[in-house]
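A short worksheet on the structure shown next.
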Amino acid sequence: MFLSKLIVSFAAALTTSAPAWADEPPPQTIPASSWTTAFSWTDPEITESSGLYASAVHAGVVWTVNDGEGPVRLFAAGPDGRTRAVVTLAGVTGVDTEALGGAVDEDGVSWIYVGDIGGTPKPRPDGILVHRFAEPGSLVTQTIPSTTYRLVYPDGQHDAETLLVEPTTRHLYVVTKSDQGGDLYSAPLTLSEDRPNPLTHVMKIPHVVDDGFISAKGAVFLRGYNKIRVWDKLGGKVSWIIDVPQQPQGEGLALSADGSALLISSEHPSTPVYRLGLPEQLRAEPPWASRMTARWMWIAGGGGGLALVLIVGVLLVALRRRGKGPAR
């Protein structure tokens, strides 16, 4: 009798005290068939597209970088896949360059971050490197200066391919990569150029991750080779799972400049870059979009921008006077 009462009481406790996650809906899904081909790389020098970032300055342009060691060169490709410019970071030799990210500051400067964060082929006891440079205003092949930050893990060396840049604060995060999943680490909000910057462990990621970004809504998009998982926030839960098309070695993920679509790339030459229009719930216009749109309009106007504004102003005054009749 006692055992029967105990079983009944235990069952009742399970019914009335179900964990919060028991009522959470499963993640929404998007099939791989929803993607379309945006373009294919036409430059034979783009052989291992590992990082991907949509330009905040040049409409329709995406930046990519090859995986591996050697001079750090970024390729700016247009909507047709043709390379518009190649930017080399002056005096920088990558150990294992893997990732790209970016954000625009309060003054309208578009900063691009290059993650030399991979763990192969050489040991990295002194930490990993992130290079930051101002996105050039003109698409011409050039060598430009950059600032380098050294990041050091609290628990030894790791392989990583994902650099996250918070779009408002420009806070940096690194996601490590292993067959068992990875870990999320946070860099200091203010980075030093002169000394190592200690990384802080935030959480474990139970999936293989090879690229990602944080949207303006705070959602975290993390891609693996077969899926993109969308976390509702850092430390939150997976709310969406997006299947990706089959790729030779898919390692690039970016949000379009207006926050309405995803772009993914793969290593290997002449591979396609795929595009996915996001559902409304996942769209997130970057906080700098309106500022950059105004900047694009000014640049498009060139030196005649001010003259155009003056002409429009004169016409408006003339129309108002005409509507009121002759001045007295």
Point-to-point label distance, residue 143-residue 105, nm (Cα→Cβ direction, 7 Å offset): 2.5 nm
Extension gain from residue 29 to residue 203, taking 0.36 nm per residue of separation minus the Cα-Cα distance: 60.2 nm
If you average the C-alpha positions of the stretch 28-66 and of the stretch 104-122 separately, how far apart do those two centres end up, in angstrom? 17 Å
Report the calculated FRET efficiency for residue 40 and residue 233 (r = Cβ-Cβ distance, R0 = 22 Å), to the nearest 0.05. 0.05
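Coordinate-derived values only; no laboratory data. The model shown is predicted, which means the values in this text are computed figures rather than measured ones. Backbone-built Cβ (ideal geometry, glycine too); neighbour counts: all protein chains shown.
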